[in-house]
1. Spot the failing condition for N98; the list is (1) surrounded by 13 or more Cβ atoms within 10 Å (Cβ to Cβ); (2) touching a residue at least 12 places away in the same chain (Cβ under 8 Å), and only one is missed.
2. Just to be sure, is R168 of a type in the set (K, R), assigned by TED's automatic domain parsing to the domain that holds L12 and surrounded by 13 or more Cβ atoms within 10 Å (Cβ to Cβ)?
3. Would it be correct to say that L307 is at pLDDT below 95, surrounded by 13 or more Cβ atoms within 10 Å (Cβ to Cβ) and either part of a loop (DSSP other than H, G, I, E, B) or not acidic (D, E) (or both)?
4. Answer yes if at least one residue in the range 291-304 is touching a Ser or Thr at 6+ places or on another chain (Cβ under 7 Å), surrounded by 15 or more Cβ atoms within 10 Å (Cβ to Cβ) and in contact (Cβ under 8 Å) with a residue 12 or more places away in the chain, and no otherwise.
5. Is it the case that D210 is of a type in the set (D, E, K, R) and touching a strand residue (DSSP E or B) at 6+ places or on another chain (Cβ under 8 Å)?
6. State yes or no: is K68 surrounded by fewer than 16 Cβ atoms within 10 Å (Cβ to Cβ), closer than 30 Å to D143 by Cβ, free of Cβ contacts under 8 Å to residues at least 40 places away in the same chain and in contact with a helix residue (DSSP H, G or I) (Cβ under 8 Å, 6 or more places away or on another chain)?
7. Considering only residues that are among the aliphatic types (A, V, I, L, M) and more than 30 Å from V45 (Cβ to Cβ), which ones fall in the range 223-252?
8. Scan E53, E59 and give me the residue that is buried (at least 19 other Cβ atoms within 10 Å of the Cβ) and of a type in the set (D, E, K, R).
Amino acid sequence: MLNRRFLRVKALQSIYAYHQSESSNLPQAERQLLAGVDDLYKLFVYQLSFWVEIRQFAERRIEENKQKHFPTEEDLNPNMKFVDNRVLKVLDDNQHLNKLVDQYKIDWTDSREDFIRNMFVKLTETPEYQEYMNNGKSSFSDDKRFLATVIDTYMPENGLLYDYYSDRELSYNSDYQLAIYLLWKFISELPASFDAASMLPPVYKDEAEDKEFVVKLFEKTILHADEYMEMVKANISNWDYDRLALMDKILIFMALTEFIEFHSIPVKVTINEYIEISKFYSTPESRRFVNGMLDRLSTELKEKGRLVKTGLGLVDK
């Protein structure tokens, strides 16, 4: 579920928080890092549960409309396409998801008549919903396409949903966009074979290996910060080091940790990863600066014999 880029981002967030708090309790910070990874997964489960609840609300509303004293033709013969969405129905029935919902104590009961209703009404007003409900198609791929499109188009900027999560867990503030991407990726790649007995993807692809990666990246970046600072200062030009954004410094320090400590990760993979992360977590000018600095630093480390790569780390692509 959480690939290395997500783990790098969680390490980045934790290193930034560590510096901002001026804490010196590294073991506690490491525990908070791993808890943050778990919280991101919990928010992903929350997002799945949200869509299941929306479907259940729509189904209850249809049944309530049928019980009106004077139901309309539309009340008696409603369009059931959203309620019958194959993806949402299988998620509703999925045993693993329901177990996680219970484990995380996710409960929408107090939100059904205001927040959930509001979210459903907003959904029905979108052109994507209207097109989906009336396109005459009936397939798993069409159901999946609709959900992926709505998630990608409307959820990132959904302030009401963001506030809902923020009111419950402060840590969700930094993870909201990441969780939406996880949700979109999961829905987009969901196979038609997924059923009630299928397992959701785990937090880590390889728990022992990935936990070791993210903790080591976090720890070594902090412990070698002074050394890395001097390396950056020696390679900087036309810039005052003290004026660099803290986020840029951390990104470069993390890349230096990967250059030196992670022998199986190719240099170009590391550089590309931190350039991509810089697009979302630093200033507009960061991409070019981070790229140039990492090129210079990797060349320097190689010349000094400190850039030791083995196995997959030797792959230059």
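1. It fails just one condition, (2).
2. On the way: of a type in the set (K, R): yes; assigned by TED's automatic domain parsing to the domain that holds L12: yes; surrounded by 13 or more Cβ atoms within 10 Å (Cβ to Cβ): no.
No.
3. Working: at pLDDT below 95: yes; surrounded by 13 or more Cβ atoms within 10 Å (Cβ to Cβ): yes; either part of a loop (DSSP other than H, G, I, E, B) or not acidic (D, E) (or both): yes.
So L307 passes the test.
4. Keep residues of the range 291-304 that are touching a Ser or Thr at 6+ places or on another chain (Cβ under 7 Å), which gives none.
The answer is no, given that none of the residues of the range 291-304 is touching a Ser or Thr at 6+ places or on another chain (Cβ under 7 Å), surrounded by 15 or more Cβ atoms within 10 Å (Cβ to Cβ) and in contact (Cβ under 8 Å) with a residue 12 or more places away in the chain.
5. yes
6. Values: surrounded by fewer than 16 Cβ atoms within 10 Å (Cβ to Cβ): yes; closer than 30 Å to D143 by Cβ: yes; free of Cβ contacts under 8 Å to residues at least 40 places away in the same chain: yes; in contact with a helix residue (DSSP H, G or I) (Cβ under 8 Å, 6 or more places away or on another chain): yes.
The answer is yes for K68.
7. Here is the first cut: in the range 223-252, the ones among the aliphatic types (A, V, I, L, M) are 223, 225, 229, 231-232, 234, 236, 244-247, 250-252.
Across the range 223-252, the qualifying residues are L223, A225, M229, M231, V232, A234, I236, L244, A245, L246, I252.
8. Working: E59 fails: buried (at least 19 other Cβ atoms within 10 Å of the Cβ).
Exactly one residue qualifies, and that residue is E53.
The values are calculated or read from the model by the stated rules, or taken from the named source; none is laboratory data. Note that the structure is predicted; figures quoted are calculated from it, not measured. FYI the Cβ positions are ideal-geometry reconstructions off the backbone, even for glycines, and counts take in every protein chain you see.
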